[in-house]
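Working notes, structure below.
No value in this document is a laboratory result; all are computed from the given coordinates. All of these numbers come straight from a predicted model, not from anything done at the bench. Backbone-built Cβ (ideal geometry, glycine too); neighbour counts: all protein chains shown.
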């Protein structure tokens, strides 16, 4: 049975809140009774009263009284935003707010002169001028006090002039106090400069020097504009090598380290300004400076030439270096001279490294080097006889004559001249000799002359002893381009001549062929048996002494095959069927010349003979690959061929799959219809038997345009349709088809819990659709649930009706597989109300309010708050109806904190979450560390506070000290009022550190005081430590300790305390309440440890 329900909802109207008195911006004295009157009206409930009207203060939080009229006298000093919240019985609410000021309005101070950051010289007069305004008091009734962070109080009144400010940066504070003790403060920074002393070193002079061990006097002076002449220990001498040398106007030193020193005289005036002067001074001897002026480096001289050596030698200390200490040394000849000038004409031949070394009176030496080369000229030599290329009979006398001269040695004779033959070795020495036993043949005769220094010169000539080789020449045939037919008679004629034998004949002339070997001998031969080919014919002539000579010619015997090529079409060309193809070829024959017509024959490997001639046109070649052959035939029937390959293409068909689409998915056993077509450009649409269907997993699945199957195996199939034309050319196309195994049928969630009158979807997965739902007995009443199939995917929409109960259902698929699920209808859960959005500034306490949450069918038993966005804060109690937190620091653009609230009822049902935003704005307070909570005290002073990593601040209320009426042991002055704090430690019973940043240094005699109900006022010195300048105080707390107001180990620390003084009990020499005279370390209450802890956490 399918049930449909319709419901109409009446929307409730929120109530209206209005504060009727007092008027906004009303002002009251501290402790005055203030009556607040408000009205709450609701369209359904009428006038609201009692707890339906709640009052809160932006400073004091909930005022603790409800109703339309309340009267209180405990409002803290300051400007309060008073809010009336009215809530009707439906949980709807409305608010109205007014502003109320309690206590004295603080004056506003400003410094009009000088400007912030001004700079003055020391001793210059500085005029300070200020102004102020106060709501209650005219300016004449205001008091003005000026103070410097360096010089303390410097005057009173609206104008003060001082010319004796201490050197440094002053924080100038103008404090304006009204008749009620309200204070306004303004500050600027003023800089007072100190002039730097002027320093002068009068001895030694810059760049001067002394030997090691000499006494050196340092003299200097310094003057300061403020202090006058500076002397004694305020003058310090330093060396860049030896460090600090001493103090005073003068020093005498005799142990300075060798080297170049930079002396610096530092002068420090009474205000710490430092001036300095520097100079350079050398200690120790410098080596001489040496330069070789002559000869130039890499100079070259002939042997025995005069070489002049000159040098320049200088020494800073000696001025003139002893000549005997200037020494010249040659790498070949050893020492060659001393002094700055000398000459030598007997340097040895070779390249000399000349080294000049100069040594001063202190034994310091310097050297420099040059290269000088002394050269030897090789002798000049000539062969006078025999003449070059002379010929002598074997055994004939040969007269040898030569001459040699050397530039250094003069005429060379005897063993200085050596004659050699490349065939017979050395054949003689001296200027002349005769030789008649030279061996037969061609000699290279050499004459070598050597001077006394070993330099050599050689000249050569050619000399022939004995036989001269003959000459050979072929006279016929003369026309070497002639071609002889096989069997032709060919006459070969030649001659041979010899210088000794004359004309050679007969067997001295031998004819041979490169192919047929020896052909005959003599001056003339005739042959007709040469092999058809190209022959190299050689005539070899040999004289009586066996010397030979040759001559060669080349002839052609027989026909030469033609040559040719196909120039068009190009090899591997491809044409469409019926294309008009032009064939172009050419041929040439050595005997016949250009070949034409029928001498050129064309054929195809597929179609046979195509035609003849140089050019041929064909348009009926069959489809396929052809080897085209051009055959060239000359008149002697010799042939040659050229080949190309061309293809007549067959245009492939196309294949197209129409169904299913690629990526389609089916379950195993589903009926799947494949349909497709094939077309060929030549044949048109292809018939059934030309279409083949195949699966990458199952092989062939059918033939034809349509194939139906139910047997595809599980997996991803590549389905291929192949279309083949009558020429067996194929084309294919593919798709992907996925065959799935059905997953187990499931319904998610298996157990569904719904509140009455709500709906939720169930997701179906697995199985094989379609699905059916069966309700298991006992059948539920018809008003429990209704189930509808959603149109979007395999989902069920279950709607709970107005009756509570549980029903079991079964979902089955087409295979009969089923799965069960249960639907339970429960009561209506509560509705969470996280309260209205709030807008506050940083450093304020915010109270979240879940009081507007309404129960469903059961009462509310739990609350759960969670921060979901914005800078992280710590809530006082995430399970509380109204937890609090302190707003975090934000930049000028502010920030938004978002909190989620879920409430739980007695039946365990949770509400839908509700959210509330807290918008945090910049409070305009600057000058404190970025991660601190900045705020204004009850007296209007800007301050900051931060905890260490062991806890978090969850409530911060600046209070007037008037909130405590107990006067016993009460401090007489609380300049910043009191601080009402709530801190959550990291763990119950844990310790937490807290630092409070004061607006100025705490006066001497002031300490930290705490009030606790039942214990009264207590000096908190054992748990408070001031820093060195008393602008910060470090506090320690222990959950459940004496410093915890609730006294319980419960994970919450409560504290009410502040900076104050007990008149007459503290003096200026007191340690400031930290238990230590230096305000930095000590054992009291673990204060020193806490300072270290905060340094590591808060400030890092």
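Only alpha carbons enter this Debye calculation for the stretch 624-680, each as an equal point scatterer, and the log10 of I(q)/I(0) it gives at q = 0.22, 0.26, 0.27 Å⁻¹ is -0.93, -1.04, -1.07. Its Cα gyration tensor gives the stretch 556-597 an equivalent ellipsoid, and the semi-axes of that ellipsoid, as √(5λ) in whole Å with the largest first, are 32, 10, 6. Here the extension length gained between residue 191 and residue 730 equals 184.4 nm, from 0.36 nm per residue of separation less the Cα-Cα distance.
What percent antiparallel are the DSSP beta bridges of the chain, to the nearest 5? Working shown, then result.
On the way: 324 of 358 bridges.
Here the antiparallel bridges make up roughly 90 percent for the chain.
Just check the stretch 866-909 against the gyration tensor rule for me: Cα atoms, a ≥ b ≥ c as the square roots of the eigenvalues, rounded for a/c under 1.5, and otherwise prolate or oblate depending on whether a/b exceeds b/c. Verdict is prolate for the stretch 866-909. Per residue, the average separation of C-alpha pairs within less than 8 Å and at least 6 apart gives the chain a relative contact order of 4 percent.
The stretch 289-375 gives an Rg/Rh value of 0.99, both radii derived from C-alpha positions and Rh following Kirkwood. In the stretch 128-258, the alpha-carbon atoms span a convex hull of 131 Å³ per residue.
Each pair of Cα atoms in the stretch 484-574 enters the Kirkwood radius, and Stokes-Einstein at 37 °C and 0.692 mPa s then converts it into a translational diffusion coefficient of 211 µm²/s. The spread of Cα positions in the stretch 654-739, taken along each principal axis and listed from longest to shortest, comes to 41, 20, 16 Å. If you plug the beta carbon distance of residue 280 and residue 408 into 1/(1 + (r/R0)^6) with R0 = 56 Å, you get a FRET efficiency near 0.45.
Counting only alpha carbon atoms, the long axis of helix 1087-1097 and the longest principal axis of the chain meet at about 50°.
Relative to the 2.2 N^0.38 Å rule of thumb, the stretch 386-465 has a C-alpha radius of gyration ratio of 1.12.
I need the shape label for the stretch 16-102. Rule: rounded when a/c is under 1.5, else prolate if a/b > b/c, else oblate, with a, b, c from the alpha carbon gyration tensor. Prolate shape, in that a/c is at least 1.5 and a/b is the bigger ratio.
Using R0 = 60 Å, the C-beta based FRET efficiency linking residue 500 and residue 293 works out to 0.25.
What full-extension length gain, to one decimal in nm, is calculated for residue 1048 and residue 528 as 0.36 nm per residue of separation minus the Cα-Cα distance?
Details: separation 520, 0.36 × 520 = 187.20 nm, distance 14.40 nm.
Gain on extension, residue 1048 to residue 528, equals 172.8 nm.
Note: relative contact order over the stretch 83-201, using C-alpha pairs below 8 Å and six or more positions apart, is 28 percent.
A crude spin-label estimate for the pair residue 226 and residue 765, with each label 7 Å from Cα along the Cβ direction, gives 8.2 nm.
Can you give the calculated 222 nm mean residue ellipticity of the chain, where each DSSP H run of n ≥ 4 adds -39,500 (n - 2.57) and the sum is split over every residue, rounded to the nearest 500 deg cm²/dmol?
Helix-only estimate at 222 nm: -500 deg cm²/dmol.
The Cα atoms of the stretch 594-732 define a convex hull whose projected area, averaged across directions, is 11.5 nm².
DSSP bridge analysis restricted to the stretch 475-557 gives an antiparallel fraction near 95%, rounded to the nearest 5.
With r defined as the distance between the Cβ atoms of residue 921 and residue 180 and R0 fixed at 22 Å, what FRET efficiency is calculated, to the nearest 0.05? Walk me through the numbers before you get to the answer.
Details: r = 30 Å, r/R0 = 1.34.
My answer for the efficiency is 0.15.
Considering every alpha-carbon pair of the stretch 803-861, the percent of pairs per 10 Å bin, from zero through the bin containing the longest distance, is 17, 23, 20, 16, 13, 9, 3. Modelled spin labels at residue 912 and residue 41, positioned 7 Å past Cα toward Cβ, are 3.2 nm from each other.
For the stretch 827-949, how big is the tail of P(r) above 19 Å, as a whole percent of Cα pairs? Of all Cα-Cα distances in the stretch 827-949, 51 percent exceed 19 Å. On a per residue basis, the convex hull of the C-alpha atoms belonging to the stretch 108-193 measures out at 70 Å³.
Entry for the stretch 550-660 at q = 0.11, 0.14, 0.16, 0.20 Å⁻¹: log10 I(q)/I(0) = -0.45, -0.62, -0.74, -0.98, Debye formula applied to identical alpha-carbon scatterers, no solvent contribution.
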